[in-house]
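Below is one structure; the comments refer to it alone.
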Amino acid sequence: MSKINIADYIENTEVEGPGKRFALWVQGCFRRCPGCCNPHYLDFVPRTIVESEQICTLIEDSKNKYGIEGVTLLGGEPMLQARGLSETAKFCREIGLSVMTFTGYTLEELSAENLPYADELLQYTDLLVDGAFDQTKIEEKRNWVGSTNQRFYFLTDFYKQGIEYDERFSHGIELRFRPDGIVQLNGFPLQSEIEQINSIHN
Ligand code: SF4
């Protein structure tokens with residue numbers, strides 16, 4: 001089992017991919033995309049270091065507790081921690097959960113960079129979203145992605161093409177008031193929703 005440097009996780013979310021999902025954010029990304037919604041997950045600093053086995057236990061608990069249908073891997077950059085995440089993704093497949101992976105690399109870049117264990121992570125990924133967020137190309141139609149340059153790859157039959165347009169899984173955000181006093185926000189609102197939120201605050 002390998003270690004993963006985790007930035008955060010949510011046991012059960014409905015805005016980070018199809019259906020109920022366990023979402024896992026890893027720490028560290030080389031890029032600095034303007035408008036990145038997780039700027040505090042970019043530095044390569046130790047946050048919470050865990051064995052992939054520990055994450056697998058949390059995921060299995062979440063499956064039993066909430067009936068999640070899958071896991072979503074986000075960042076930071078998941079492909080830079082592909083060894084531990086591929087072990088996690090393999091476990092997910094073994095217990096019947098889908099795996100959705102976001103990466104700032106395009107599929108072509110991934111193949112050129114030859115990042116360690118990236119192929120293994122792709123092997124256990126059902127739904128891949130590639131490409132870095134581009135704030136000049138805000139997405140208004142597809143679910144779960146921030147910009148129109150990001151592409152969906154259906155690497156297995158787990159999900160049907162077109163699910164990214166399915167209105168039952170609309171864009172949205174979730175707010176959580178955690179016991180440690182931190183308010184946690186996740187998901188990706190439409191531009192019109194961002195303007196609505198801003199107008200409430202102004
Ligand atoms: S690749 Fe993703 S996580 Fe990295 S800076 Fe860009 S938007 Fe943020």
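Observations on the structure shown:
- Some residue of the stretch 43-50 being more than 16 Å from the ligand (Cβ to nearest atom) and surrounded by 15 or more Cβ atoms within 10 Å (Cβ to Cβ): yes
- Top-ranked residue in the stretch 8-29 [being within 14 Å of the ligand (Cβ to nearest atom) and more than 13 Å from the chain's Cα centre (by Cα); ranked as farthest from residue 153 (Cα to Cα)]: 28
- Residue pairs whose Cβ atoms lie under 8 Å apart, sitting 6 or more positions apart in sequence or on different chains, and linking a residue in the stretch 68-93 that is in a helix (DSSP H, G or I) to a partner that is modelled with pLDDT under 95, are 84/1; 87/1.
- Pairs with Cβ under 6 Å, 6+ apart, first in the stretch 122-139 and on the phi > 0 side of the Ramachandran plot, second within 13 Å of the ligand (Cβ to nearest atom): 131/106; 131/149; 131/150
- Some residue of the stretch 133-150 being within 20 Å of residue 10 (Cα to Cα) and either more than 13 Å from the ligand (Cβ to nearest atom) or among the aromatic types (Phe, Trp, Tyr) (or both): yes
- Per-region count, the stretch 77-106, residues within 16 Å of the ligand (Cβ to nearest atom) and under 14 Å from the mean Cα position of the chain (by Cα): 13
- Meets criteria (within 8 Å of the ligand (Cβ to nearest atom) and either under 22 Å from residue 131 (Cα atoms) or surrounded by fewer than 17 Cβ atoms within 10 Å (Cβ to Cβ) (or both)) for residue 39: yes
- Scanning the stretch 69-118 for residues that are charged (D, E, K, R) and touching a Gly at 6+ places or on another chain (Cβ under 8 Å) yields a total of 2.
- Filter result for the condition that a residue is within 15 Å of the ligand (Cβ to nearest atom) and either over 17 Å from residue 16 (Cβ atoms) or of a type in the set (A, V, I, L, M) (or both), over 121, 74: 74
- Of the residues examined, residue 149 is not one that is touching an Asp or Glu at 6+ places or on another chain (Cβ under 7 Å), touching a residue at least 60 places away in the same chain (Cβ under 8 Å) and not charged (D, E, K, R).
- Filter pass, residue 155 being within 16 Å of residue 77 (Cβ to Cβ) and away from the ligand (no atom under 13 Å from the Cβ): no
Listed here are the residues, each with its yes/no results for (1) closer than 27 Å to residue 30 by Cβ; (2) touching a Lys or Arg at 6+ places or on another chain (Cβ under 7 Å).
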{"position": "45", "(1), (2)": "yes, no"}
{"position": "51", "(1), (2)": "yes, yes"}
{"position": "68", "(1), (2)": "no, yes"}
{"position": "88", "(1), (2)": "yes, no"}
{"position": "101", "(1), (2)": "yes, no"}
{"position": "107", "(1), (2)": "yes, no"}
{"position": "114", "(1), (2)": "yes, no"}
{"position": "122", "(1), (2)": "yes, no"}
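The values are calculated or read from the model by the stated rules, or taken from the named source; none is laboratory data. Quantities reported herein were computed from a predicted structural model and do not represent experimental measurements. So basically every Cβ, Gly included, is an ideal-geometry build from the backbone, and we count neighbours across all protein chains shown.
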